[in-house]
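Just so it is clear, none of the values below were taken in a lab; they were calculated from the coordinates. The structure displayed is predicted, hence computed values, not measured ones. Note: ideal-geometry Cβ built from the backbone for every residue, glycine included; neighbour counts use all protein chains shown.
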Amino acid sequence: MKNTLVILLSSMLLLACSQKKNETPAPGPAPDMTPPVMQPEPAMTPEPAMTPEAAMTPDATPATPPVAPGPQLEIPPDATVVETPVWHQTFTLEGKKYIALNSFKYKESKDLMGYTAPIELAAIFDEAGTIVRVIVVTHKETPEFMDRIVKEWLPKFADLKKDKPIVGQGGVDALSEATVSTTAMLKTLEELRKLAFTQILKIELPAAPAAPADAPAAGTDMAPEDKASMPADMN
């Protein structure tokens, strides 16, 4: 009886397994093959237009200042050379006419000795006869003395009016410690002005200043009272 029961249970178990094996599972839902709907990307907000930078204005080149009359006035390279009635140069600056004379061009001034040799000068005049500038062209003087002459003494001639004497009473004094050189330059400038006035500008020369009462006697270099005080054998 017991064996029969075991056989029966075994048969039932095999049958159940066989049925479960033969059962076909119900097919599941087919996968959704519909492609996903793409969400549109948000619209790109355009960047604000770049304002172009203002064009850089180049720095203004400072205009060359006009050459003023006086110590800065130069004889331009293109000055016109005139041979008659005496050698001179002419040029115009800012509507004003000038003439320039060179001391080495005339017998009256080319041999006037400085301390070691004649000094070549150029004198610039305006049409009214005013000396605008005096320039040392060449020289053989001691450089230290000439530097002092150019810096301290020659500016005295800038804007020297036609009726102002150059030498003598009321004129320009020679420079101490460079007396020989500046005395020669005074004589040279006096000759240049005579030529400019009489030959070119046709201007009357200023009257020679009257000699002071105590001026040295002619042919001497000392005052009368100094001469009178000397021993008789030296007069």
- So, of the residues in the stretch 176-205 that are basic (Lys, Arg) and either crowded, with 18+ Cβ neighbours inside 10 Å or on the phi > 0 side of the Ramachandran plot (or both), which turns out to be farthest from the chain's Cα centre (by Cα)? LYS202
- Do you know which residues across the stretch 107-130 are surrounded by fewer than 18 Cβ atoms within 10 Å (Cβ to Cβ) and over 35 Å from the mean Cα position of the chain (by Cα)? LYS107, GLU108, ASP111, MET113, THR116
- Message: Of all residues being loosely packed, with under 15 Cβ neighbours inside 10 Å and not β-branched (Val, Ile, Thr) in the stretch 131-155, which is farthest from the chain's Cα centre (by Cα)? Just the residue, please.
- Response: LYS140
- Message: List pairs: first residue in the stretch 76-104 and in contact (Cβ under 8 Å) with a residue 40 or more places away in the chain, second residue assigned to a loop (DSSP other than H, G, I, E, B) anywhere in the structure, Cβ distance under 6 angstrom, at least six positions apart or on different chains.
- Response: SER103/SER109
